[in-house]
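Accompanying notes for the structure given below.
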Amino acid sequence: MAIHDKYVLGRDKVESKRLDSQHRLLVKVSGNTLIHPTLPTEQIRSVADIATGTGIWLEDVTQFLERPHIERYYQGFDISSEQFPSNPGPIQLSVHDVTTPFPKEHWNRYDLVHVRLLVAALEESDYRAAITNIYNILKPGGYLQWEEIDEETYLSANPVIQELRRCFDYGFRAEGKCFQASAKVYKESQIVGFVDVERLAYESHQNPDLRLGTDKRLAAIIRTLYPRLLWRSGQVIGEEAAMQRAEALVEEHFALCEKGQSPSLTLMRVVGRKPDGVDL
Ligand SMILES: C[S@@+](CC[C@H](N)C(=O)[O-])C[C@H]1O[C@@H](n2cnc3c(N)ncnc32)[C@H](O)[C@@H]1O
């Protein structure tokens, strides 16, 4: 476990598998709206996914937008290529840090830019630059769709959730990160110039079929993000102590689930549009 990376999570095969199964859950939580339903899907010709990870969202989008005789351009960016798929098909992949300007060939290029789950990666002071860089690569009239699982998921009386909230709040604060990521994106995107900005919440408990998958996803978070933040912010000394705390919390989590106290997951989504007629 590399303790000093700015990015809290790992990038090995197990983590890639976790991201892919989390993706499947999140799509269901959002009511199978891979692309937000108010966006004019048929007009979208070029799509970029920032912090694409394994590229799983883009992979699904290529299938969702597949139409005979319509060509589309798909581009994934990530600060690391470690989790890129070995066979990306029609998807172009590039290494790029969203907090620095994109190469000029990407400016004014995309109808849709998607971002998901940068809460554990960006410092609070990075958001303005990241959103400005995204604005610059969108075509005039193009859309931003940014999704996060942030503090909103952890506002609950469930004691396991309360412990996670305490730890994440302390850990993110210690690293200058922002636990209220979707609220930050909502605010900063309007300052940068996006219009028609909306912030929406999707609850996993709206669909009882998602309960088991949501319980399992949370256990995976307790075994990854929780011990890393405990250790990195000095709440425990050493990796082993962090893992022991995590296993005890996983046990408590599943015991509560068996008693019918499964916590809900809240997926936050911010959508906005770059105004027409703004060419850079
Ligand atoms: C939790 S993963 C999410 C991956 C993917 N978006 C998803 O939802 O499955 C976060 C990703 O952000 C990437 N990342 C971290 N900091 C970044 C930055 N400054 N610019 C671009 N990507 C970044 C990491 O390498 C990682 O792949």
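How many residues are outside any helix (DSSP H, G or I) and either of a type in the set (D, E) or near the ligand (Cβ under 7 Å from one of its atoms) (or both) when one looks only at segment 116-131?
First, the residues of segment 116-131 that are outside any helix (DSSP H, G or I): 116-123.
If we keep only those that are either of a type in the set (D, E) or near the ligand (Cβ under 7 Å from one of its atoms) (or both) too, we end up with 116-118, 120-123.
Counting residues in segment 116-131 that are outside any helix (DSSP H, G or I) and either of a type in the set (D, E) or near the ligand (Cβ under 7 Å from one of its atoms) (or both) gives 7.
Among P68, P90, P101, which is out of contact with any helix residue (DSSP H, G or I) (no Cβ under 7 Å at 6 or more places or on another chain), more than 9 Å from the ligand (Cβ to nearest atom) and not basic (K, R)?
Numbers: P90 fails: out of contact with any helix residue (DSSP H, G or I) (no Cβ under 7 Å at 6 or more places or on another chain); P101 fails: out of contact with any helix residue (DSSP H, G or I) (no Cβ under 7 Å at 6 or more places or on another chain).
Result of the check over P68, P90, P101: P68.
How many residues are in contact with a strand residue (DSSP E or B) (Cβ under 8 Å, 6 or more places away or on another chain), touching a residue at least 60 places away in the same chain (Cβ under 8 Å), more than 9 Å from the ligand (Cβ to nearest atom) and not hydroxyl-bearing (S, T, Y) when one looks only at segment 16-58?
Number of matching residues: 10.
Count, please, the residues in segment 132-155 that happen to be acidic (D, E) and part of a helix (DSSP H, G or I). Break it down stepwise before answering.
Residues of segment 132-155 that are acidic (D, E), as a first pass: 147-148, 150-152.
Adding the requirement that they be part of a helix (DSSP H, G or I) leaves 151-152.
Qualifying residue count for the region: 2.
At least 3 residues that are of a type in the set (K, R) in each: list the helices (runs of 4 or more DSSP H) lying fully within segment 174-250 that qualify.
Working: elements: 181-192, 211-223, 225-232.
It comes to 211-223.
Criterion first (in contact with a strand residue (DSSP E or B) (Cβ under 7 Å, 6 or more places away or on another chain) and part of a loop (DSSP other than H, G, I, E, B)) does V61 satisfy it? Show your work before the answer.
Numbers: in contact with a strand residue (DSSP E or B) (Cβ under 7 Å, 6 or more places away or on another chain): yes; part of a loop (DSSP other than H, G, I, E, B): no.
So V61 fails the test.
Quick one: what pairs do we get from segment 86-114, first residue over 20 Å from I35 (Cβ atoms), second of a type in the set (D, E) and in a strand (DSSP E or B), C-beta under 7 Å, 6+ apart or different chains?
Partner pairs satisfying both residue conditions: V95/D78.
Which residues, taken from segment 240-253, are in contact (Cβ under 8 Å) with a residue 24 or more places away in the chain and either buried (at least 16 other Cβ atoms within 10 Å of the Cβ) or closer than 18 Å to F172 by Cα (or both)?
Within segment 240-253, the subset in contact (Cβ under 8 Å) with a residue 24 or more places away in the chain is 246-247, 249-250, 252-253.
Within segment 240-253, A246, L249, V250, H253 qualify.
FYI, it's all coordinate maths here, none of it is from the lab. Every value quoted in this text rests on a predicted model; they were computed, and no experiment measured them. Heads up, the Cβs are rebuilt from the backbone with ideal geometry, glycines too, and the neighbour counts pull from every protein chain shown.
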